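Undergrad: After the structure tokens below, expect a handful of questions from me.
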Amino acid sequence: MHGRIEQERQDAGNHPEELRQERQVDEVPTSVSSTTPPAAPPTTERRRSGGRRGRTVLVTVLALAVTGAVGWGVMRVTTNSTARPAPTATPGLALATAKVEQADVAERRLVNGTLGYAGAYNVIVSRSGVVTRLPAVGSTVTRGKAAYEIDGARVPLLYGDRPAWRDLRLGVSNGLDVLQLERNLKALGYGKNVTVDRHFSYATYYALRRWQKAAKLKVTGQVPLGHVVFVPAAIRVGGWDTKVGSVVAPGQLIVHGTSRAPAVLVQLAPAELPQIRVGDQVVVTLPDGKTRKGRIRVIGAVAVDADTDTDAATDSGAAAKSVAPVTISLTGKVRGFLDQAQVQVSIVTQQHKKVIAVPMTALLARPLGTYEVVVVEGGSRRRVPVETGLFDESTGMAEVTGDLKPGMLVEVPGDGS
């Protein structure tokens with residue numbers, strides 16, 4: 001009791017100014033209208049807890065306001081932007097550029113082929129006798145060289161599409177066989193005064209004697225039947241059709257072979273023939289992975305596939321497979337030639353000439369199966385939608401239509417893939 005009275009006396013002795021300062025420290029200032037009277041002061045404990053709540057509410061409101069402003073700003077940018085942003089380079093991916101070209105673009109079909117030599121030549125004897133020598137298999141017999149020996153006498157090979165069928169001498173009637181003989185004498189360097197025609201003249205007679213003497217043949221100025229053999233070109237001997245020591249008769253096949261020119265043989269189904277023509281260009285992939293350009297030279301008649309066992313097919317009731325042999329000549333030398341090696345041939349099935357083309361690696365997929373490319377102009381990059389046409393697998397180019405011109409630069413992977 002005495003303690004409480006003593007405390008009240010001490011409180012009563014405090015100066016009124018000090019009490020006001022104590023209240024101001026504990027109170028939290030608020031924004032109020034000038035006409036609103038101040039509320040009654042709460043107790044000291046309530047004033048302190050109310051101040052903490054006021055500060056918490058104020059911070060929360062400010063944070064929401066800032067967040068709302070940022071969110072509104074982001075929403076506004078996203079909503080108002082209608083253009084697709086320029087692509088950004090993927091970290092770690094090397095990029096390069098390639099030119100937009102105006103080129104021929106072709107779709108091709110891959111077929112298997114066999115590497116070999118062009119042409120199929122047969123050497124047929126025109127007189128009877130004993131075979132005393134044959135050329136080595138794999139060797140090449142050129143103009144003026146011996147194709148074989150009969151009774152110890154060499155039979156020279158001359159170039160010509162027509163086989164010999166008679167003796168060639170002064171007084172013989174004009175003919176294509178005479179023309180072939182004169183062409184060969186001229187090519188061998190003995191036809192200086194020869195008029196290359198179908199007439200066997202005295203100039204032909206003397207030119208023939210000079211050649212016979214230089215070739216160490218019997219010098220007669222005439223060519224009896226069977227003493228020379230005509231073949232379309234130099235022959236690469238593929239095999240013998242008789243043996244040394246055998247007795248042969250006129251009309252008998254003695255040697256067969258091909259030309260020296262590398263070629264590829266493919267076999268196509270009859271339905272595929274309308275898609276190709278003699279003279280069409282192709283691309284051949286060799287066993288070492290290198291490619292060579294080629295051209296279709298011969299489209300053969302439809303025949304039974306040599307790989308098909310006709311008797312077995314007949315016995316089983318299956319129809320024999322018909323194919324068309326197609327011969328393709330190659331450009332350039334083929335090093336490390338492997339006869340009968342398997343190769344791949346890319347045959348054109350459809351072609352568009354002088355169209356806008358870009359590397360296939362420049363195409364970027366878009367929704368719904370569409371594409372676009374990235375055009376690089378100075379330091380800027382922009383997307384350009386394109387429509388695709390033919391894809392050329394052999395050149396890696398694709399036909400496109402869009403806002404592109406030859407010479408523009410488009411983005412491609414930097415590693416060339």
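The values are calculated or read from the model by the stated rules, or taken from the named source; none is laboratory data. Nothing here was measured: the structure is a model prediction, and the numbers come from that model. So basically every Cβ, Gly included, is an ideal-geometry build from the backbone, and we count neighbours across all protein chains shown. Please note that ligands, DNA and RNA were not included when accessible areas were found on the heavy atoms of the full protein model with its side chains. Shrake-Rupley method; radii C 1.70, N 1.55, O 1.52, S 1.80 Å.
Undergrad: What order do 210, 382 take when sorted by accessible area (1.4 Å probe), most exposed first?
TA: Solvent-accessible surface, decreasing: 210, 382.
Undergrad: Using a Förster distance of 25 Å, how high is the FRET efficiency between residue 247 and residue 219, based on the Cβ-Cβ distance and rounded to 0.05?
TA: 0.35
Undergrad: So what is the relative contact order of region 359-417, in percent, for Cα pairs below 8 Å that sit 6 or more residues apart?
TA: Relative contact order comes out at 35 percent.
Undergrad: Next question, about the same structure. Could you look at region 203-277 and say what percent of its accessible area is carbon and sulfur, using a 1.4 Å probe and all protein chains?
TA: Carbon-and-sulfur percentage of accessible area, whole number: 57.
Undergrad: Over the heavy atoms of residue 278, what accessible area does a 1.4 Å probe trace out, to the nearest 10 Å²?
TA: For residue 278, the solvent-accessible surface is approximately 100 Å².
Undergrad: Taking a probe of 1.4 Å, how large is the accessible area per residue of region 129-174, in Å²? Write down the numbers at each step before the final one.
TA: Details: 2280 Å² over 46 residues.
Per residue, region 129-174 has 50 Å² of solvent-accessible surface.
Undergrad: Using Cα-Cα distances under 8 Å and only pairs 6 or more residues apart, what relative contact order does region 130-265 have, in percent? Each step should come with its number before you reach the end.
TA: On the way: 259 pairs, mean separation 41.9, N = 136.
About 31 percent, as a whole number.
Undergrad: Keeping the other protein chains in place, figure out the carbon and sulfur percent of the accessible area of region 339-417, with a 1.4 Å probe.
TA: 53 percent
Undergrad: Still on this structure, I have one more. Shape of region 183-238 from its Cα gyration tensor (a ≥ b ≥ c, root eigenvalues): rounded if a/c is under 1.5, otherwise prolate when a/b > b/c, or oblate?
TA: Working: a/c = 1.76, a/b = 1.40, b/c = 1.25.
Cα axes put region 183-238 in the prolate bin.
Undergrad: Also, I was wondering about something else. Does region 116-217 come out rounded, prolate or oblate by the C-alpha gyration tensor, with a ≥ b ≥ c the root eigenvalues, rounded set by a/c under 1.5 and, if not, prolate when a/b is larger than b/c and oblate if not?
TA: Verdict is prolate for region 116-217.
Undergrad: With a 1.4 Å probe and every protein chain left in place, tell me how much accessible area residue 236 has, in Å² to the nearest 10.
TA: About 50 Å², ignoring ligands and nucleic acids.
Undergrad: Once the piece of chain linking residue 120 and residue 132 is laid out straight, how much longer is it, given 0.36 nm per residue of separation minus the C-alpha distance between them?
TA: Working: separation 12, 0.36 × 12 = 4.32 nm, distance 2.43 nm.
Gain on stretching residue 120 to residue 132: 1.9 nm.
Undergrad: Just report the Cα centroid separation between region 168-208 and region 338-399, whole Å.
TA: A separation of 58 Å, based on Cα centres.
Undergrad: Something else: Kindly flag which residue pairs out of 290/333; 145/216; 290/354 have an alpha-carbon separation exceeding 23 Å in this structure.
TA: 290/354
Undergrad: Could you order 256, 199 so the one with the most accessible surface comes first? Probe is 1.4 Å. Could you put the intermediate results ahead of the total?
TA: On the way: 256 65, 199 90 Å².
Most to least solvent-accessible, the answer reads 199, 256.
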